[in-house]
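Everything below concerns the one structure shown next.
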């Protein structure tokens, strides 16, 4: 995606939706999943991802779980109960936003004002 500003405001919602679908994920896994889903159009950098993850954790939306993988500790993120509820709310808001943007960029003909 050429303009990263377009997705920047949706990063938290993207993270939350992936965790809702996948249960728990580690940071690199999140970046790779987004890249795969968007066929490489959207690349989330570590510099954007980890501050977002830490903010969501501080807000009580995410829990952290440490797990030993190949003799090293890996940090997994998962939604809290509050996070699950908040994901539903944010997805609804995002869907409304997308619908409104679609109306603006592709208005239906014969709309009278």
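The values are calculated or read from the model by the stated rules, or taken from the named source; none is laboratory data. All values derive from a computational prediction rather than experimental measurement. Methodologically, a virtual Cβ is constructed for each residue, glycine included, from the backbone with ideal geometry; neighbour enumeration extends over all protein chains shown.
Kindly provide the set of residues from the stretch 7-36 that are touching a residue at least 12 places away in the same chain (Cβ under 8 Å) and not in a helix (DSSP H, G or I), ordered by number. Within the stretch 7-36, 10, 23, 24, 25, 26 meet the criteria.
Right, residue 42: part of a loop (DSSP other than H, G, I, E, B) and closer than 16 Å to residue 18 by Cβ or not? Explain how you work it out, then say what you get.
Working: part of a loop (DSSP other than H, G, I, E, B): yes; closer than 16 Å to residue 18 by Cβ: yes.
Judged against the criteria, residue 42 is a match.
Within the stretch 57-72, the set of residues being under 15 Å from residue 26 (Cα atoms) and free of Cβ contacts under 8 Å to residues at least 24 places away in the same chain comprises 57, 63, 64, 66, 67, 68, 69, 70, 72. Going by the structure shown, is residue 60 in a loop (DSSP other than H, G, I, E, B) and at pLDDT 90 or above? Spelling it out, residue 60 is indeed in a loop (DSSP other than H, G, I, E, B) and at pLDDT 90 or above.
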